[in-house]
Amino acid sequence: MTPEEICFATIHELGDRYRRRALSPVEVTQALLHRIEKLDRHLHCFVTLTADRALAEAKAAEAAFARGDHASPLLGIPVGYKDIYATRGIRTTAGSALLADWVPEADATCVRRLQDAGAIMLGKLITHEFAMGIQFPGHRFPPARNPWNLDHIPGGSSSGSGAALAAGLVHGALGTDTAGSIRGPAAFCGIVGLKPTYGRVSRAGVIPLSWTLDHTGPMARTVEDCAYLFQALAGHDPADPASARAPVADHLGPLRRGIRGLRVGVPRDFLLDGIDPEVGHAFEQSLVALRDLGASVRDVVIPSIHTSPAFMVILLAEGFAYHERDLRERAALYGDVLRERLQAGGLYTGGEYVQAQRLRTVLRADMLAALETEEVLVCPTAPRPATSFAEALNPDAPFPRSNMGPFNMAGLPALALPCGFSASGLPLSLQIAGRPFDEATVLRAGHAYEQATDWHARRPGGLIP
Amino acid sequence: MRASGLEIAEGRLEMVRGLLEYGLLAVHAMDSRAATAVEPAVIFDADASRTGSHA
């Protein structure tokens with residue numbers, strides 16, 4: 001394998017070669033560190049690189065393979081963690097000047113689970129400020145750039161995770177998703193991201209944005225890689241009050257069973273309104289592909305889907321509640337846009353917050369009703385491809401309409417995966433959502449579609465000017 | 001202008017207003033008397049099955 005092939009290999013391919021002793025975790029880690037050194041000065045994915053630790057963990061993994069102690073499919077797999085996950089002994093900034101020097105004393109549960117599974121930690125990946133702000137020029141941490149076009153945003157807030165995967169700097173990553181922060185970067189960077197069911201993956205040790213909307217989850221370059229990471233992450237955690245006790249299914253075994261007869265619902269109303277024509281064309285083509293695979297595709301109606309922007313009331317009100325003390329005492333340490341957004345959250349009334357939660361209950365009931373007959377729902381992940389920095393950095397730009405927020409409101413599992421490219425070469429993305437705790441079906445549908453297409457196999461070309 | 005005890009620059013009020021309105025459109029359109037659902041929390045039952053039963 002060439003160094004580039006190593007850096008873009010799948011988790012399954014790496015594990016297979018490790019077990020045959022055809023490749024060593026040390027070789028892989030060194031290849032990635034070399035690539036990071038070469039590319040990240042342009043991409044700004046990493047806030048903190050833990051090269052020495054990564055090499056030590058790679059050597060430990062190599063020794064485990066030599067002993068034949070290699071039951072975990074994540075043994076020797078290099079990953080990065082969004083810098084909003086606490087990491088013991090390693091600076092965790094949340095992309096904020098407030099936490100620029102914070103060194104946690106314990107790992108977030110998700111970090112611990114991946115490390116216990118044998119993953120190699122390459123470092124911490126940049127996040128938008130507290131998973132919501134935007135890094136304007138002059139911010140302490142420069143923004144990650146989209147490997148498909150450096151003048152375009154990689155999406156956020158898990159911006160470093162999305163860009164690092166697209167550029168072949170890590171083999172897996174963690175993101176967080178309050179209104180699309182896993183799926184948005186996945187869509188804009190042409191990779192795969194899974195927002196699991198609310199309560200399925202622990203949030204303990206992750207800095208909150210909005211308690212009732214926050215989700216944690218995996219990001220990778222293929223659906224199968226996402227499933228490997230998810231399998232290690234899922235499960236009850238008493239340290240997260242919202243953590244579910246539902247048993248964890250096998251998400252790898254059913255992946256290749258195909259989708260013949262799968263009932264796929266298309267909620268066109270609202271989610272397809274005003275979308276970019278190229279996004280619309282790619283989405284319709286993906287429906288053709290799903291039908292060709294044997295799925296039964298039909299339109300469905302979610303009567304209350306228009307109420308989904310109410311997520312903003314919940315997000316901002318809860319965000320204000322979390323940040324209120326620091327906003328009053330250390331306001332200068334916030335970026336202007338994040339501070340103003342959080343201040344807006346302080347202006348909602350208690351009644352408005354409760355009504356938004358009630359709307360959410362209606363929306364969730366309507367979505368679950370649609371999922372009584374349909375097994376998954378599909379729509380474009382984002383209404384348009386990644387915007388340019390010039391457009392995104394307009395402080396007066398309205399908050400973009402979201403096709404992802406509805407699934408945070410409902411707490412349903414939702415997967416974003418590549419489904420095409422714009423004429424300008426930017427990735428387009430398909431979103432597949434499913435029933436609570438039925439990530440297995442969502443992943444199976446995504447895997448079947450992915451294997452019938454080649455979008456996931458494309459790599460950014462001419463990465464560096 | 002001060003809001004929630006915090007200063008918001010005059011030039012930024014329009015952005016804040018737009019953000020507030022984006023979220024509130026559906027809330028203000030809601031007839032709370034017609035909405036029968038009252039449970040605001042999204043907490044799935046710990047023993048929920050695949051069929052989507054929830055608390």
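Any read-out appearing in this document is the output of simple, stated calculations on the displayed coordinates, not a laboratory observation. None of these values were measured; they are calculated from a predicted model. Neighbour counts are summed over all protein chains in view; Cβ atoms, including those assigned to glycine, are modelled from backbone coordinates with ideal geometry.
Compared with the alpha-carbon gap, the fully stretched path from A:Asp116 to A:Arg19 is longer by 33.1 nm at 0.36 nm per residue. Spin-label pair B:Glu10-A:Ala321: with each label point 7 Å from Cα along the Cα-Cβ axis, the two points sit 3.5 nm from one another. The slack in the chain from A:Trp211 to A:Asp250, taken as 0.36 nm per residue of separation less the alpha-carbon distance, amounts to 11.3 nm.
The fewest-to-most ranking of A:Glu224, A:Glu105, A:Glu13, A:Glu372 by surrounding Cβ atoms within 10 Å reads A:Glu105, A:Glu372, A:Glu13, A:Glu224. Per residue of peptide A:304-310, the mean number of Cβ atoms on other chains within 10 Å of the residue Cβ is 4.
How many angstrom lie between the Cα centre of the stretch A:135-190 and the Cα centre of the stretch A:7-80? Computed from Cα coordinates, the inter-centre distance equals 21 Å. Computed about the Cα centre, the dipole magnitude for the stretch A:281-372 is approximately 160 debye when only Lys and Arg (+1) and Asp and Glu (-1) carry charge, each at its Cβ. In terms of surrounding Cβ atoms within a 10 Å radius of their Cβ, A:Cys7, A:Cys110 rank from fewest to most as A:Cys7, A:Cys110. For a modelled paramagnetic label at A:Asp269, 7 Å from Cα along Cα-to-Cβ, the residues of the stretch A:282-301 in reach, with backbone nitrogen under 19 Å, are A:298-301.
Note on B:Met1/A:Arg298: beta-carbon distance plugged into 1/(1 + (r/R0)^6) with R0 of 45 Å gives a FRET efficiency of 0.35. The mean count of C-beta atoms from other chains within 10 Å of the C-beta of residues in B:6-18, rounded to a whole number, is 4. Computed from the alpha carbon atoms alone, the convex hull of the protein assembly as shown holds 135 Å³ per residue. Measuring r between the beta carbons of B:Glu21 and A:Arg41 and using R0 = 35 Å, the FRET efficiency lands at 0.25.
Counting neighbouring Cβ atoms within 10 Å and putting the fewest first, the residues A:Asp326, A:Asp438 line up as A:Asp326, A:Asp438. Qualifying trypsin sites (Lys or Arg not before Pro) in the stretch A:1-95, where qualification requires a DSSP coil assignment and no more than 10 other C-beta atoms within 10 Å, comprise A:Arg20, A:Arg21. In the stretch A:201-285, inverting the average of 1/r over every pair of distinct C-alpha atoms gives 16.3 Å as the Kirkwood radius. For the pair A:Ala365 and A:His34, the difference between a 0.36 nm per residue extended length and the Cα-Cα distance amounts to 114.2 nm. Mean per-residue shielding of peptide A:340-346 is 6, counting Cβ atoms of other chains within 10 Å of each Cβ. Paramagnetic label reach from A:Ala100 (point 7 Å along Cα→Cβ; backbone nitrogen cut-off under 11 Å): within the stretch A:320-353, residues A:333-334.
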